[in-house]
Structure formats: structure tokens, C-alpha cells
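The values are calculated or read from the model by the stated rules, or taken from the named source; none is laboratory data. This is a predicted model, so every value here is computed, not measured. For neighbour counting, all protein chains shown are included, and Cβ atoms are generated from backbone atoms with ideal geometry for every residue, glycine included. For accessibility, only protein heavy atoms count, side chains too; no ligands or nucleic acids. Shrake-Rupley method; radii C 1.70, N 1.55, O 1.52, S 1.80 Å.
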Amino acid sequence: MEIISQLTLNSIIAGAIYTLMALGFNLIYGVVKFFNLAHGVVAVIGGYTVFLLTGALGLNLYLSAAAGVFFAGLAGYGFDKLVFLPLRRRKTSSMVLLVASLGVFTSAQAIIAIFFTSEFRTLGAVSAGENIYSFSGGVITQTQLIILISGMLIMLGLTTVLNRTIFGKAIKAINDDAEVARIVGIDTDRITGHVFFIGSAIAGFAGILVGFDTGIQPTMGMGLLLKGVIASIIGGVGNIYGGVLGSFLLGFVENFGIWKVPGEWKEAIAFFLLILFLLVRPEGIMKR
Amino acid sequence: MEYLTHLAILFFIYAILGVSLNLVVGYTGLLSSAHAAFYGIGAYATAIALTSLHINFFLSLAAGIIITGIIAFLIGIVLSRFRGDYYALVSLGFNVIVYSVLLNWQGLTRGPLGMPGIPRPEFVFDFSSNISFLILSFLFVIVIYIISRFLVASSFGRVLKAIREDEQAVQVFGYNTNYYKLAIFVISAGMAAAAGSLFASYITFIDPSSFTVMESVFILAVIILGGLSNLRGSILGAFILVLLPEALRFAGFPQAIAAQMRQMVYGLCLIFLMLFRPQGLLGEYKL
């Protein structure tokens, strides 16, 4: 019984982190309609900004976290303006954009590894002597509780922005048809830039939380990215709520999957789930 | 001299990988990022046949190609149902799954420890010296190139190019495009397996880290730089991307940093190509 409640808690925490990745990925996919693989590396940028500011400069934890989120967003914004926007202006296919984002991912990850080495690091300031809570036999750390709560808050905040503000309506209009949105006077390039900033900032936040929960490594971006992508697709790509559902489904399948098979198979399990979904229900749990 | 021979052998191995991947990506228009998986399966199959079963290299090579072909066939059945960016994503997923299997099926592959002591080929001639191995791998490149040349010039190749341009139109003419996509995928995987066999027996040690998604990205960079839908382009791309990073070695960077700078160069290569010359150096087709 204890193991089940622990696995449930682990699944929920994993689901919350995947939610953060999927939210940003989905938001960006909605307006640009290509798989932005660079989304993985902005999470790494968030984590390493905090590592640099708290470690080398000795800055306050919360301030560093805010800076990490900001720089991750800025990086995403920069990638859009420098690489993706010029390509979109030329009306290139989504494959070209995908390959370009793969290039951004590979080179940015390598640059981070050059500066910080490829070693595994912890952002650890809080993990030593932190509070641990237990729920019916399973335990959850304070960091994990923060992950859970902030994940939910960000999701609520994002849906409010999308549903209640003019900015959100503009995003939805671009989602439906970018060409027509431009005709009715929406500055699509500017809005898309902002969407890149917001989506990447959320991913940066995910990277920071992972750093506090387990640790950071330049290569962690690929894993986070793929989980976000898989969660988005099985939830219904471009659908915010679907992405959240997909994230938790992925979290549960992965964590209960490794109950019976060794933990190293997690990645493979995630892809099996994706392929299964693409074959049986390619539009995802919730259609757009 | 030894060093130049080493580089030339690596160049030949990547030329084979590039030419074979170009058949799928360039000629058929399917952005496969699973090539390193087949390269790895071929390498492992050959290594296991050589070290545990002690059979001749050329028989092990054939075994590697056949096993890889069967696995590629099974993966291809699933993959053929997708197109565009979903194809890219699902193939990437298969690379991750194959990598996990190589890493975790420890009874067969020894997992992260890798497989040491893979012998060099021996058949009539002894290929244990690097120079003779160089000649052997050169012969491989020639054979693969001729087969590929023949394939793309044949009516089969014309159907592939037609699928790339407009799959639906080809279907209207009564071709079962899935068979064609599956066939070229399996052929290309078999060629990658041959490159894997060469690699395993040349380095004499393999571990899963040589067959990651990043390796697939590298092979993609090779063919995109050289030019899609042009076989000579892939050879040129392999030449440039194998030799270019060697300049970093002479610039005196430490090993770990040089490896990362290599990754950075590949990544930047992809970005600049997409921005300024998406058809690559000699390409006849743009993504």
C-alpha cells in the first residue's frame, strides 16, 4: 500500500514538471505550428542561470530564480527573433524550422557544457534539511510541493490570460489562422515574440525546479523537451488543457511502469506511450 | 600517417552513413532521425557474432545487415504511417528506444560497460593493419555508392522522388506508397548496419554512447550540409564534417571542451544552412 501511495505522489510530481514543459511547448506550437526543439535548452538555461547566480555570485535564492525565469524567456525570445522569425518571413516549411531548432538546441547545449562542464550539479541550497511531508505512507519534499503548487498556479494564470485578455484573444486568433489575423491588424510577429518569451520562461522555471528537486546537467534538456512534446501530443497538440492531462497520464504511466521494470526504461516507456497514441488516437485525448 | 589513416577510415564510415540516409531523407523526403539506431544495431550484431560466436567477419556483417533489416522492417511498418514533422519525431523516439535497449539489455550488450576485444576482419587477406582496413572500408564505400546510384536512377528511385514531391498524386496512380517508403527505409538501415560493422571491427570496442540521438543529428547535419538528394553531396558533407573539427584539436583545446565545440559547430552549421542555404552545398531538394 505504501508503495502505491509513493508511486502516486511521484507520478503527480512528474506530471507537474511535464505540465510546465508541455504548457510552454503547446503555447509556442499553437502560434508557429512547428516542433520547437529549442524549447528543451531554454529549461537548461533557466537552471544554469540560478546555478551561476546563487553559486558564484552568492545572490538570494528567490531573486536568482526570478532572474533564471527571465533569462530563459529572453533566450527563447532571442531564438525567435534571430532564427525562427527570418525563416517564417520566407515562408519555409515546418521541417526547415524543425531542423533549425535542432541546430539551436545542439549548439546552445554545447555552449552551456563548455562554460559549466558536463558534470551533474545540484542547486541544493534548499534540499539540505528541508521539510518532508507524508501522505498515507508516501513522502513528498518541500521542493516537490512547490513544484506541484506552482505548476497549478501557472496553468491557471495562463488560461486566465488566454481567455480573458486581448493578448490572449490575439494568440487564439493566430492559432486559428495567422494570415487572417495579420489582415485584421494583429501584429503577429510581435505577439509570437511574446509567446516565445512566456513559453520559454515557463520552461526555464521547470528547469529551475528540476534543479532543486534532483539537479542540473547540460544534457537534461533533451529529456525534458521530449516529455513535454510527448505530453502535448498525447493530450492533443495545441490544446492547453489536453497538455496538462497528457502530462499527468505520462507521469502515471512512467512511474507505475517502472514498478515492474527497471527505472532505466522510463524514456522508452514514454515513447511507447507516444507511438501507441499516434497509432490508435493520433489527435490526442482532447482535440483542438 | 597513422592519424591520417584513422581520419580517412572515419570519413569512409560517415560517407556510408550519409549516402544511405540521403536515400530516405533526400530522395524520399522522410526526415528520419533514427539512423544512429541502425548503425548501432549493426555494430552490436556484428560485435556479438564476432566475440561470442567466433564466426568470420563477413558472415557477421551479413548477420548484422539481416538483423538490422528485420528490426528496420518492424519499425518501418509503424513509421510509414507518418509524414512530415511527426515522422521526424517518431523516428527520434525509436532512436531513444533502441538506445535504451542497448544500454539496459545487459545480458546481451553488457550495457554501459560496452563490448571490448572485437577482432579485425580476416578473410583470405588479413585486415588487421590500419592500411588494409582503409582499403576494405574504401571498397565498402564504392559498393554502397554504386548500389545507391543504381537505386536512385531506377524506376524505383523515380517513384521515391515522386513520393517526396506529392505522395497523394503517386497514390492516385495506383502505387502503394507505404511499400516504397518501407523498402527504402529497410535498404538504408541495412547500409547503416554495414557502416556499424566496419566501425565495431575498426575501433574493436563499442558502447551505447556512440549511437545516441546526437549521433543521428550529426549524420543529418552531414547530408544537409552536403545537399539532399545528391549522393556526392553526402560524401562531401562527411568529408567536411569529419575533418573540420580536427582543426579544433590542433587549436589546443582540452579533450572535453573540443568535443563540445564539435557539437556546437554541427549545431551552428544546421542553423546557418537553414537560414542561408537550405539546399546545402550540392543539394537538389530543399526540405
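Within the group B:ILE184, B:ILE142, B:ILE146, which residue is surrounded by fewer than 22 Cβ atoms within 10 Å (Cβ to Cβ), away from chain A (no Cβ under 14 Å), at pLDDT 90 or above and under 24 Å from B:TYR44 (Cα atoms)?
B:ILE142
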Residues (part of a helix (DSSP H, G or I) and either surrounded by fewer than 23 Cβ atoms within 10 Å (Cβ to Cβ) or among the polar types (S, T, N, Q) (or both)) located in segment B:33-47: B:THR46
B:ALA251: away from chain A (no Cβ under 12 Å) and aliphatic (A, V, I, L, M), yes or no? yes
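Of the residues B:ALA195, B:ALA221, B:ALA169, B:ALA256, only one is without any contact (Cβ under 8 Å) to a residue 60 or more places away in the chain and buried (at least 22 other Cβ atoms within 10 Å of the Cβ); which?
B:ALA221 is the lone residue from the list that is without any contact (Cβ under 8 Å) to a residue 60 or more places away in the chain and buried (at least 22 other Cβ atoms within 10 Å of the Cβ).
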Quick check: anything in segment A:50-59 β-branched (Val, Ile, Thr), modelled with pLDDT of 90 or more and touching a helix residue (DSSP H, G or I) at 6+ places or on another chain (Cβ under 8 Å)? yes
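For residues that are open to solvent by 10 Å² or more (accessible area, probe 1.4 Å) and aliphatic (A, V, I, L, M), tally how many sit in segment A:28-43. Walk me through it before giving the result.
Quick first cut of segment A:28-43, residues open to solvent by 10 Å² or more (accessible area, probe 1.4 Å) only: A:29, A:31-33, A:37.
Pick out the ones that are also aliphatic (A, V, I, L, M) and you get A:31-32, A:37.
Of the residues in segment A:28-43, 3 are open to solvent by 10 Å² or more (accessible area, probe 1.4 Å) and aliphatic (A, V, I, L, M).
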Under 9 Å between Cβ atoms, which residue pairs at least 6 apart in sequence (or on different chains) link something in segment A:96-107 that is more than 7 Å from every other protein chain (Cβ to nearest Cβ) with a partner that is open to solvent by 10 Å² or more (accessible area, probe 1.4 Å) and among the acidic types (Asp, Glu)? A:LEU97/B:ASP85
For A:GLY228: the one exception among (1) more than 21 Å from A:PHE70 (Cα to Cα); (2) at pLDDT 90 or above; (3) open to solvent by less than 20 Å² (accessible area, probe 1.4 Å); (4) not aliphatic (A, V, I, L, M): (1)
Please state which one of A:LEU9, A:LEU20, A:LEU53 is without any contact (Cβ under 8 Å) to a residue 60 or more places away in the chain and out of contact with any Lys or Arg (no Cβ under 8 Å at 6 or more places or on another chain). A:LEU53
Of all residues in segment A:130-143, which are open to solvent by 80 Å² or more (accessible area, probe 1.4 Å), modelled with pLDDT of 75 or more and of a type in the set (Ser, Thr, Tyr)? A:TYR133, A:SER134
Got a number for residues in segment B:53-95 being surrounded by fewer than 20 Cβ atoms within 10 Å (Cβ to Cβ), facing chain A (nearest Cβ under 8 Å) and not charged (D, E, K, R)? 4
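Where in segment B:96-199 are the helices (runs of 4 or more DSSP H), entirely inside, with at least 2 residues that are β-branched (Val, Ile, Thr)? Write out each step before concluding.
Values: elements: B:106-109, B:130-153, B:155-165, B:167-172.
Passing ranges, in order: B:130-153, B:155-165, B:167-172.
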Which one is nearest to B:SER155 (Cα to Cα), of the residues in segment B:4-26 that are open to solvent by 10 Å² or more (accessible area, probe 1.4 Å) and over 14 Å from the mean Cα position of the chain (by Cα)? B:ALA8
State which residue is nearest to the chain's Cα centre (by Cα) when the search covers only segment A:255-288 and only residues that are away from chain B (no Cβ under 13 Å) and in a helix (DSSP H, G or I). A:ASN255
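Pick from segment A:189-225 the residues that are among the polar types (S, T, N, Q) and open to solvent by 10 Å² or more (accessible area, probe 1.4 Å): which of them is farthest from the other protein chains (Cβ to nearest Cβ)? First the steps, then the outcome.
Kept after step one, since they are among the polar types (S, T, N, Q), are these residues of segment A:189-225: A:192, A:200, A:214, A:217, A:219.
Narrowing the set further to residues that are open to solvent by 10 Å² or more (accessible area, probe 1.4 Å) leaves A:214, A:217, A:219.
Details: A:THR214: 19, A:GLN217: 13, A:THR219: 9 Å.
In this case the residue turns out to be A:THR214.
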If you check B:LEU30, B:LEU50, which single one turns out to be within 13 Å of chain A (Cβ to nearest Cβ) and open to solvent by less than 30 Å² (accessible area, probe 1.4 Å)? B:LEU30
Residue match in segment A:76-94 (condition: in contact (Cβ under 8 Å) with a residue 60 or more places away in the chain, over 17 Å from A:HIS194 (Cβ atoms), within 7 Å of chain B (Cβ to nearest Cβ) and not aromatic (Phe, Trp, Tyr)): yes
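Let me confirm something: among B:TYR3, B:TYR99, which residue is under 30 Å from B:PRO278 (Cβ atoms) and not β-branched (Val, Ile, Thr)? Lay out the reasoning, then the answer.
Working: B:TYR3 fails: under 30 Å from B:PRO278 (Cβ atoms).
Of B:TYR3, B:TYR99, the one residue that is under 30 Å from B:PRO278 (Cβ atoms) and not β-branched (Val, Ile, Thr) is B:TYR99.
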Wholly within segment A:44-129, helices (runs of 4 or more DSSP H) carrying at least 2 residues that are open to solvent by less than 60 Å² (accessible area, probe 1.4 Å) and within 24 Å of B:ALA256 (Cα to Cα): A:94-116
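In the list A:ILE154, A:ILE146, which residue meets the criterion of being more than 27 Å from A:LEU85 (Cα to Cα) and surrounded by 14 or more Cβ atoms within 10 Å (Cβ to Cβ)? Let's see the steps before the verdict.
Numbers: A:ILE154 fails: more than 27 Å from A:LEU85 (Cα to Cα).
Sole residue among the options that is more than 27 Å from A:LEU85 (Cα to Cα) and surrounded by 14 or more Cβ atoms within 10 Å (Cβ to Cβ): A:ILE146.
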One residue is enough: does segment B:216-236 have a residue meeting the conditions away from chain A (no Cβ under 14 Å) and out of contact with any helix residue (DSSP H, G or I) (no Cβ under 6 Å at 6 or more places or on another chain)? yes
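Which one of these is among the small types (Gly, Ala, Ser), under 17 Å from the mean Cα position of the chain (by Cα) and within 23 Å of A:THR160 (Cα to Cα): A:GLY68, A:GLY30, A:GLY46? Spell out how you get there, then give the answer.
On the way: A:GLY68 fails: within 23 Å of A:THR160 (Cα to Cα); A:GLY46 fails: within 23 Å of A:THR160 (Cα to Cα).
Unique residue meeting the criteria: A:GLY30.
Identify all residues within segment B:269-287 that are open to solvent by 40 Å² or more (accessible area, probe 1.4 Å) and over 21 Å from the mean Cα position of the chain (by Cα); write none if there are none. Working first, answer last.
Going residue by residue through segment B:269-287, those that are open to solvent by 40 Å² or more (accessible area, probe 1.4 Å) are B:272, B:276-277, B:279, B:281-282, B:284, B:286.
Across segment B:269-287, the qualifying residues are B:PHE272, B:PHE276, B:ARG277.
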